[in-house]
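**Student:** Mind looking over this structure? Questions follow.
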Amino acid sequence: MQGRNQHHRFSNAKRAFAAIGSVVMLLLSGCRTTYITQVQDRDTLYQVAPFLYVLSGNYDGAITVSQFKAAGTLGIGTFDGLDGEAILIDSVVYQSKGDGSVVVPNASLHMPFGACTLFDSDQRRRMKHIPSFEAFAKALEASFGDKQIFYAIRADGLFKSVRVRNCDKQEKPYRPLAEVTKNQHEITFENIKGSLVGFWSPPTTPAAIGVPGFHLHFISDDRSKGGHVLDLQSDSLDITLDPTPRITVDFSTPVTVSLQATNVEQQVHSSEGGYP
């Protein structure tokens, strides 16, 4: 009996070591996409790099578009050199360029920052008579049952107007984000059907990690126009929420520009458009 028990324990140990070895081999082989897909659950926000990295001017990415969309079906981000805004919707990544036009980027293009999740339509509501982004944000935030977790957001409808910003691709040496956005392109689209996608982060989120409050991007229904949302007006929007209690932040993005660790909250406010 003792011999059989020892053999059983030895077999279990072998299986455990084999499983651990498989994970280690995935990590050592650089198979980021497979690893992300294996470990992530549907209630996790996956983020490429702390926000402080891109805020400071680290615009060289470590993850590809293909790897990014393997981790989620809805999300936002940017591309190498801060070349426009990323919109991940319905499992497809789009790139809004400096002029507000939208293309489908090459799957091998790198991303220095992004956030995505496996989006579930857990909560639905309709919001009417929306005079501004500030009104939209305050009303939606007030409806959250738990203000200590993240929310993935999608809002669809006809926009009377939506004001967005996009940045042109930057050249080295890279400047901090708050400086770059001083020269951003701001465009207003009128009477346009489209979607807002992005996230709300709880106020306890450190600004060095993420953007507290709302961080949303827009894309038109015909996938031809988009950008980082600054303001909006709409008579009615259909909103879908996915409450998300967990976050995974990848710190492997290269840091080639010194991190700007002072006045981080002010830098975020300046670069992200002064969200409420």
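The values are calculated or read from the model by the stated rules, or taken from the named source; none is laboratory data. The structure presented is a predicted model; accordingly, all values stated were derived computationally and were not measured. Cβ atoms come from the backbone with ideal geometry, glycine included; neighbour counts cover every protein chain shown.
**Student:** Residues being touching a residue at least 60 places away in the same chain (Cβ under 8 Å) and either outside the structural domain of residue 98 (by TED's automatic domain parsing) or exposed (fewer than 14 other Cβ atoms within 10 Å of the Cβ) (or both): count how many of those fall in region 135-159.
**Tutor:** 4
**Student:** Quick one: in region 59-78, of everything that is assigned to a loop (DSSP other than H, G, I, E, B) and surrounded by fewer than 24 Cβ atoms within 10 Å (Cβ to Cβ), which residue is modelled with the lowest pLDDT?
**Tutor:** So the residue we want is 62.
**Student:** Please list, ordered by first then second residue, the pairs with beta carbon atoms under 7 Å, 6 or more apart or interchain, first in region 232-259 and more than 30 Å from residue 139 (Cβ to Cβ) and in the same structural domain as residue 49 (by TED's automatic domain parsing), second outside any strand (DSSP E or B) and charged (D, E, K, R).
**Tutor:** 254/60; 256/60
**Student:** Scan region 177-205 residue by residue and report those that are farther than 24 Å from residue 88 by Cβ and surrounded by fewer than 18 Cβ atoms within 10 Å (Cβ to Cβ).
**Tutor:** Hits for region 177-205 are 179, 182, 183, 190, 191, 203, 204.
**Student:** Separate question: Quick one: which residue in 192, 209 is in the same structural domain as residue 75 (by TED's automatic domain parsing) and in a strand (DSSP E or B)?
**Tutor:** Answer to the selection: 192.
**Student:** Just to be sure I understand, how many residues within region 171-186 are assigned to a loop (DSSP other than H, G, I, E, B), out of contact with any strand residue (DSSP E or B) (no Cβ under 8 Å at 6 or more places or on another chain) and either under 19 Å from residue 268 (Cα atoms) or among the charged types (D, E, K, R) (or both)?
**Tutor:** The qualifying residues number 5.
**Student:** Next question. Can you say whether residue 114 is over 27 Å from residue 160 (Cα atoms), under 14 Å from the mean Cα position of the chain (by Cα), of a type outside the set (Ser, Thr, Tyr) and assigned to a loop (DSSP other than H, G, I, E, B), as far as the supplied structure shows?
**Tutor:** For residue 114, the condition - over 27 Å from residue 160 (Cα atoms), under 14 Å from the mean Cα position of the chain (by Cα), of a type outside the set (Ser, Thr, Tyr) and assigned to a loop (DSSP other than H, G, I, E, B) - is not met.
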